Amino acid sequence: MTSNDFPSFGGVGGVGDVAGAAGANLPALRGHNTALVLGLLRAAGEAGVSRLELAARTGLTPQAVSKITARLRTEGLAAEAGRRASTGGKPATVLRLVPGARHALGLHLDRDELTAVRVDLAGSAVAVRHAPLAFAAGAEQVLGTVEREVAALLAEEAGPPVLGVGVACPGPLDHTAGVLHRVTGAPEWDGFPLRDVLAARFGLPAVLDKDTNAAALGLAQGMPAGAGSFGYLHLGTGLGAGLVLGGSLYRGPRTGAGEFGHQIVQLDGPRCSCGQRGCIEALCLAAVARGDLPGAARALGVGAANLVELLDIDRVLLGGRTVLDHPEEFLGEVSRALAAQARTRGSAGPGARTAVSVALAPGGARTVADGAAELVLAPLFGSHRPVRQAGQGG
């Protein structure tokens, strides 16, 4: 594809972040409209979608849709998937996305493990690798492990071009600049330009974000339109949250949103690795370390209730290795905490509060790595809000 066909990787957005505003120049308009069409093809799956349906759902003219789909077919990104049964006119040709036409890489740099995935355009993993990682050991050792595993991943699956690499790691960080800050428990990373270093070493566009943001982005892509807002709570080597509000990933202006683990819930509590006392992360991890899973789950429930109280979200999704190792314990305690919260807010009359739903996040142990790959893929698949402009074209 040409550089005008897709939004650039710089400052990559989240769900529904493809730019759309009056006065967009023609190359940007073309890229946006192509992303709209690709997004609908992706959502349709193997069943496909007709050109007339694409025009109706995007607001583009049939001529513009024909130009876009012709270009996508030429470049191997779309293919015919049969014909719709006739309702009196000519049977409509159905088009589908070709998932294997391009791939993306996703890297989850946890504090003690690297998970690397190679995915197709549908987000399905075609290759996965795991390796021990000592994130606190600093850049040289971590980069060596990452380079080795990415090289092996690329060698395992010779195939279509790789669009880029998405990198998810602990925060805090600046996703727009691609720079790490004083990562909790690993302050030596402060100021390290991880995105640009990896892009240079791999010769690929790279995107960097917090692990919980990447996971939330990936989870949101798998939800139907209008699914509402949710919080993804990740308890593993640390505790954080990814927030999808009003259909869009919310990072905050400084990528500071979602530092869920560092809300103080006990003023004289144990010292946290961030330097404060009584953080919910410190309480959860200390309870897990001493084998008190009910205590850890109750603490997580308190935090989840605080989050729901603050943001009025529709659902809570749980993930991370500690949760996945003991799902019933954590699901039960978080559900009880949210049910108790709903009862205190009343349960009768119009607009009454009901308990927010709680579930394990789909994806299991690969939720963050798959989400990291989605950091690369998301800009290719636009929201379904069309850009309208005089002289609209493909």
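Within the stretch 257-275, the set of residues being among the polar types (S, T, N, Q), over 16 Å from residue 289 (Cα atoms) and either free of Cβ contacts under 8 Å to residues at least 12 places away in the same chain or crowded, with 16+ Cβ neighbours inside 10 Å (or both) comprises 263 only. The residues listed here are 324, 307, 300; of these, the one that is among the hydrophobic types (A, V, I, L, M, F, W, C), in a helix (DSSP H, G or I), more than 25 Å from residue 115 (Cβ to Cβ) and at pLDDT 95 or above is 307.
The set of residues from the stretch 276-290 being in a strand (DSSP E or B) and either β-branched (Val, Ile, Thr) or buried (at least 20 other Cβ atoms within 10 Å of the Cβ) (or both) comprises just one member, 279. Of all residues in the stretch 200-213, those that are open to solvent by 40 Å² or more (accessible area, probe 1.4 Å) have Cβ atoms under 9 Å from Cβ atoms of residues that are among the acidic types (Asp, Glu) and at pLDDT 95 or above, 6 or more apart or on another chain, in 201/147; 202/147. Taking the stretch 215-238 as the range and being within 17 Å of residue 322 (Cβ to Cβ) and in a loop (DSSP other than H, G, I, E, B) as the test, the residues that pass are 236, 237, 238. Taking the stretch 239-266 as the range and being in contact with a strand residue (DSSP E or B) (Cβ under 8 Å, 6 or more places away or on another chain) and part of a strand (DSSP E or B) as the test, the residues that pass are 239, 240, 241, 242, 243, 244, 249, 250, 264. In the stretch 22-46, the qualifying residues are those that are open to solvent by 60 Å² or more (accessible area, probe 1.4 Å) and more than 18 Å from the chain's Cα centre (by Cα), and the one that is modelled with the highest pLDDT is 46. Test residue 49 against the criterion of being at pLDDT below 90 and crowded, with 16+ Cβ neighbours inside 10 Å, and give yes or no. So residue 49 does not fit the description; no. There is at least one residue in the stretch 343-355 that is in a helix (DSSP H, G or I) and either under 18 Å from residue 234 (Cβ atoms) or not acidic (Asp, Glu) (or both). Looking at 195, 182, 148, just one residue is modelled with pLDDT under 95, basic (Lys, Arg) and farther than 20 Å from residue 321 by Cβ, and that residue is 182.
Within the stretch 88-108, can one find any residue that is buried (at least 20 other Cβ atoms within 10 Å of the Cβ), of a type in the set (Val, Ile, Thr) and in contact (Cβ under 8 Å) with a residue 24 or more places away in the chain? No - not one qualifying residue is present in the stretch 88-108.
A quick yes/no check of all residues on (1) in contact (Cβ under 8 Å) with a residue 12 or more places away in the chain; (2) open to solvent by 20 Å² or more (accessible area, probe 1.4 Å); (3) more than 23 Å from the chain's Cα centre (by Cα):
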| position | (1), (2), (3) |
| --- | --- |
| 292 | no, yes, yes |
| 296 | yes, no, yes |
| 303 | yes, no, no |
| 308 | yes, no, no |
| 315 | yes, yes, no |
| 318 | yes, no, no |
| 324 | yes, yes, no |
| 338 | yes, no, yes |
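Residues in the stretch 231-253 that are of a type in the set (Ser, Thr, Tyr) and buried (at least 24 other Cβ atoms within 10 Å of the Cβ): 232 only. Inspect the stretch 72-82 for any residue being touching a residue at least 12 places away in the same chain (Cβ under 8 Å) and either of a type in the set (Phe, Trp, Tyr) or under 29 Å from residue 239 (Cβ atoms) (or both) and give the result as yes or no. So far as the stretch 72-82 goes, no, none of its residues is touching a residue at least 12 places away in the same chain (Cβ under 8 Å) and either of a type in the set (Phe, Trp, Tyr) or under 29 Å from residue 239 (Cβ atoms) (or both).
The values are calculated or read from the model by the stated rules, or taken from the named source; none is laboratory data. From a predicted model like this one, the values you see are computed outputs, not experimental measurements. Counting neighbours? That spans all protein chains shown, and the Cβs are built from the backbone with ideal geometry, glycine included. Remember, those area values only see protein heavy atoms, side chains included, never the ligands or the DNA or RNA. Shrake-Rupley method; radii C 1.70, N 1.55, O 1.52, S 1.80 Å.
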